[in-house]
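Some notes on the structure that comes next.
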């Protein structure tokens, strides 16, 4: 009597396990093949929401949440809803790798977005490639996509930023630059790019200082930059560090013209640097000077619509980083709509993206170019009275 | 030469903030043998709550004072709810316990204030350039207020009855009880003092270093190292330890490599613990042993 009851229980348990196993099989098969139309499209995003990259990751998270809600309210992609799963990597490389693995194996997402910064993006790249799964990074360094089959990105490459800076410096007759750069992935290789792009134009870097992305004291770096006595200074970092560096640069009386990178396109930079930001020059996406763009600018409509939607929801102006997330989302949705969820199909669709008007620029990808933006997608911007202004 | 002085000035102002945090460690440890790893969080709570007061339109000095009050209350609550109920408190237990409190406080700050860092408006005054050395007004405020606070704390322990009672608890706990000093009350006062010290550090550092939910972590560690330099029981040692640490960090960043800045504190900690576990500047180090 007792024995048979036990056996019954064991059988029941085994049955339940089997049933659970089958239930788990189904969505996996659907996600892979795309023939089963049930269930939502899944997009996984890994963002720098806490830690040094918070001023990038938070608006990116807000943008992705907003866009997903809007899309689903309009019926999703051809009637299928989109599920956005956002993970925080705490601005760390290992956090990004863990989050990416979790999204791929547990959530079985169809496409990966992120990370916000270069270092974490580089940590995700080998995972995306070995799975393989298409991934769209929101970060700057060209090393994220160079030679990659599966990784794309929406932030303008560091090389196109440097092209803009070098051209402006050469036209003003600056021959030597002192560089204070982010010590993490974002600043990696920047000096080499300056040498490569600046060399032929007679612009060279004569001093390099580095700072941690979460640094708060820049006395040492700026004193050494001051002593280098170059014709101009380049600060290469993200807010709030870039803003604090800008402040130290003014406080310590470096007194040379200063360039910043495209890493500063948000209100946090303007708030942190305050009046110290006046007069700097930075190549930035058109988003920050949307109100000053000519009516016939092809990006004007996309950008102003995005700003209106973002303002409506969060009562603040979106940053260029929010713009990178917008572009990543739109590219992913476009690819899922037209190519389905088969990874190879999504990948080759993204490589064929041509004249895709986004917030960060107009994307034209190819198998060799997974960034798709050029120097024309940036404009030279200065700061006056706490606002970004187009350089006339 | 002006470079050297510039590094020293930057180091002193950073070191003064460490000194304030370090005094908080000493205030609690010397009375109750508790190492309070949530000391850095006191600074973060102060900075963030001062920010919400100024957002609400409260004038800056009032907001700073209110923030001090908030943190003193938090510190006393922490003592009452997490420390006092433990029957056999050892230093090891206190480390584990306060680490837990620190983690919980950080999570709470993240929930309330979100992940982004912000800076309090600096105190009034204009920046100076003396002989090629630039000094920010806020740095002068930091140095001045730290000096006043340090003297006040020293006078409190040396001259007032309450301060002497606290010291009695530290040096002769049994005798202190026999003459009618309640160790419970003493521990509460010690936490309030430590909370105030951490809070002063938090509101002073915020305009320069920004404050976010996790900024207490590094500040707490640096403060702990500074306190250890003074043997964990000496207020003067803690102040000196903080200033020395700040200047060493700044000089390392300036002359060696800015990447090694945060390593200085921990190398220093190891050297001190191996060579002079009683502290480098601690005169009363023997009193506790």
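Each value in this text was obtained by applying a stated rule to the coordinates, not by laboratory testing. Owing to the predicted nature of the structure, the values given are computational and were not obtained by experimental measurement. So basically every Cβ, Gly included, is an ideal-geometry build from the backbone, and we count neighbours across all protein chains shown.
Can you put B:86, A:234 in order, fewest other beta carbons within 10 Å first?
Working: B:86 12, A:234 27.
Lowest count first: B:86, A:234.
Under 8 Å for C-alpha pairs, at least 6 residues apart: give me the relative contact order for region B:2-288, rounded to a whole percent.
Computed over region B:2-288, the figure is 37 percent.
Taking every DSSP beta bridge that has both residues in the protein assembly as shown, what percent is antiparallel when rounded to the nearest 5? Show your work: numbers first, answer last.
On the way: 15 of 47 bridges.
Given both bridge residues lie in the protein assembly as shown, the antiparallel proportion sits at roughly 30 percent.
Given Cα pairs under 8 Å that are at least 6 residues apart, what percent is the relative contact order of region A:158-284?
25
Take each of the peptides A:355-361, B:127-133, A:47-53, B:258-264, average the number of other beta-carbon atoms within 10 Å over its residues, and list them starting from the highest.
Working: A:355-361: 21.0, B:127-133: 12.1, A:47-53: 26.6, B:258-264: 17.4.
Per-residue Cβ counts within 10 Å, averaged per peptide and sorted highest first, yield A:47-53, A:355-361, B:258-264, B:127-133.
Alpha carbon centre of region A:161-211 versus region A:96-145: separation in Å?
What the calculation gives is 28 Å, centre to centre.
In percent, how large is the relative contact order of chain A, given Cα pairs closer than 8 Å and 6 or more residues apart?
16
May I ask what percent, to the nearest 5, of DSSP beta bridges between residues of chain A are antiparallel?
25
Taking only the alpha-carbon atoms of region B:125-192, what semi-axes of the equivalent ellipsoid follow from 5 times the gyration tensor eigenvalues under a square root, in whole Å, largest first?
40, 10, 8
Enter the Cα centre distance for the pair region B:155-184 and region A:261-293, rounded to the nearest angstrom.
Here the two parts' Cα centres lie 57 Å apart.
Per the helix-only calculation at 222 nm, which mean residue ellipticity applies to chain A, given -39500 (n - 2.57) for every DSSP H run of n ≥ 4 and division by its residues, nearest 500 deg cm²/dmol?
-14500 deg cm²/dmol, from helical runs alone.
Based only on other Cβ atoms within 10 Å, what is the fewest-to-most ordering of A:56, B:196, A:112?
B:196, A:112, A:56
Kindly state, as a whole number, the per residue volume in cubic angstrom of the convex hull around the alpha carbon atoms of the protein assembly as shown.
Details: hull volume 137.2 nm³, N = 681.
Spelled out: Cα convex hull of the protein assembly as shown, divided by residues, is 202 Å³.
Among A:206, A:303, A:43, which one shows the biggest mean-square fluctuation in a GNM of chain A, springs joining Cα atoms closer than 10 Å?
Of the options given, A:206 has the highest mean-square fluctuation.
What is the Rg over Rh value, at two decimals, for region B:2-288, using alpha-carbon atoms and the Kirkwood definition of Rh?
Reported Rg/Rh (Cα atoms, Kirkwood Rh): 0.97.
Of all DSSP beta bridges located in region A:158-284, what percent are antiparallel, nearest 5?
0
What whole-number distance in Å separates the alpha-carbon centres of region B:69-87 and region A:214-235?
44
Helix A:93-105 sits at what angle to the longest principal axis of chain A, using alpha carbons and giving 0 to 90 degrees rounded to 10?
The two axes meet at around 30 degrees.
Take A:182, A:376, A:296 and order them by how many other Cβ atoms sit within 10 Å, fewest up front.
A:296, A:376, A:182
Would you compute, from DSSP H runs of 4+ residues alone, the mean residue ellipticity of chain B at 222 nm, taking -39500 (n - 2.57) per run and dividing by the full residue count, rounded to the nearest 500?
-24000 deg cm²/dmol
Against the longest principal axis of chain B, how steep is helix B:91-113, in degrees 0 to 90 to the nearest 10, with axes from Cα atoms?
Rounded to the nearest ten degrees, it is 50.
If one takes the longest principal axis of the Cα atoms in chain A, at what angle in degrees, from 0 to 90 and to the nearest 10, does the Cα axis of helix A:54-73 lie?
Helix A:54-73 sits roughly 50 degrees off the main axis of chain A.
Restricting everything to alpha-carbon atoms, can you work out Rg to Rh for region A:158-284 with a Kirkwood hydrodynamic radius?
Value, to two decimals: 0.92.
Would you report the distance distribution of C-alpha pairs in region A:217-372 as whole percents per 5 angstrom bin, up to the bin with the largest distance?
Reading upward from the zero bin: 2, 9, 15, 16, 14, 13, 12, 9, 6, 3, 1, 0.
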